[in-house]
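Reading through the structure tokens given below for one structure.
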Amino acid sequence: MRLYNIDTLKFEVFNSYLQTPPYIIASHRYASDGGEITYQDVLTRRSGESITSMLYGSQIRKVEKAGFRKLDGFVAYIKQRHPGIKWLWIDTCCIDRAQSVELSEAINSMFKWYKKAHLCLAYLADVGNSSLHPGPYPRTALAKQFQTSEWFKRGWTLQELIAPASVVFLSADWQIIGAKGRTNATLPALDNQISEITGIPVAALVDPTRLSSFTAETKLKWAAGRCTTREEDMWYCLFGLLDAPIGPIYGEGAEHAQKRLLREVFSKAQR
């Protein structure tokens with residue numbers, strides 16, 4: 001598992017869960033404009049390969065990928081709200097997608113990584129800027145936008161919602177919308193609202209240890225209506241939830257990915 005140190009802005013790989021320090025894990029939607037960053041992008045930024053970056057400071061941010069603003073936002077939030085945590089995991093740059101073996105391992109392990117995180121921060125870019133709505137109504141406006149957020153319609157965010165014991169939801173301007181599960185009691189509780197939005201029972205949302213009491217058929221219903229950019233991912237994103245980490249084979253197509261996954265689920269049920 002590769003983590004990002006929010007103080008040194010460097011990566012470090014931890015090969016054992018026992019060696020992995022406490023970390024916060026990020027959840028978000030990929031930008032549709034291709035502005036997300038990669039592992040190599042962060043290495044390049046850190047190494048200072050662009051002399052312009054060193055000479056002009058903040059001016060270079062205007063031409064950086066938008067994904068850097070998201071990464072910097074997570075870092076700033078953690079430093080302010082969780083100063084005892086020094087490590088962040090975010091899928092865009094903590095996986096070297098140029099390495100197929102690493103990508104496969106990450107997809108197989110992702111559910112566990114979210115489950116073991118100290119906290120999950122879910123950034124909802126389509127839930128508006130609360131500072132633009134002063135007075136008694138901002139929470140009402142945010143609540144409506146929260147209910148219709150695209151975050152609840154994506155395949156990968158299903159495990160990112162269910163696996164962590166605690167999820168804090170953040171708006172586009174990094175304001176707290178509320179929380180799911182075992183979090184600070186001062187944060188607005190969203191468990192019931194999320195259950196209404198997703199159709200997932202509150203028991204499954206607040207206590208990941210109870211997931212085993214729900215059938216595979218029920219879990220597949222939770223995924224109904226969600227979508228992914230790559231067709232196979234709609235099944236790969238269920239590996240952890242169904243406890244069937246069979247590894248991705250990009251290019252096989254959604255139908256074959258579905259057959260492989262359901263075959264493994266059925267096989268495990270017969271053991």
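Okay, here's what the table says:
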item	result
Thr52 vs. criteria farther than 29 Å from Phe239 by Cβ, modelled with pLDDT under 95 and either under 15 Å from the mean Cα position of the chain (by Cα) or hydroxyl-bearing (Ser, Thr, Tyr) (or both)	yes
Any hit, segment 241-251, residues being touching a Phe, Trp or Tyr at 6+ places or on another chain (Cβ under 8 Å), of a type in the set (Asp, Glu) and either part of a loop (DSSP other than H, G, I, E, B) or surrounded by fewer than 18 Cβ atoms within 10 Å (Cβ to Cβ) (or both)	no
Sole residue being among the basic types (Lys, Arg), closer than 30 Å to Lys259 by Cβ and more than 16 Å from the chain's Cα centre (by Cα), chosen from Lys153, Lys221	Lys221
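The values are calculated or read from the model by the stated rules, or taken from the named source; none is laboratory data. From a predicted model like this one, the values you see are computed outputs, not experimental measurements. FYI the Cβ positions are ideal-geometry reconstructions off the backbone, even for glycines, and counts take in every protein chain you see.
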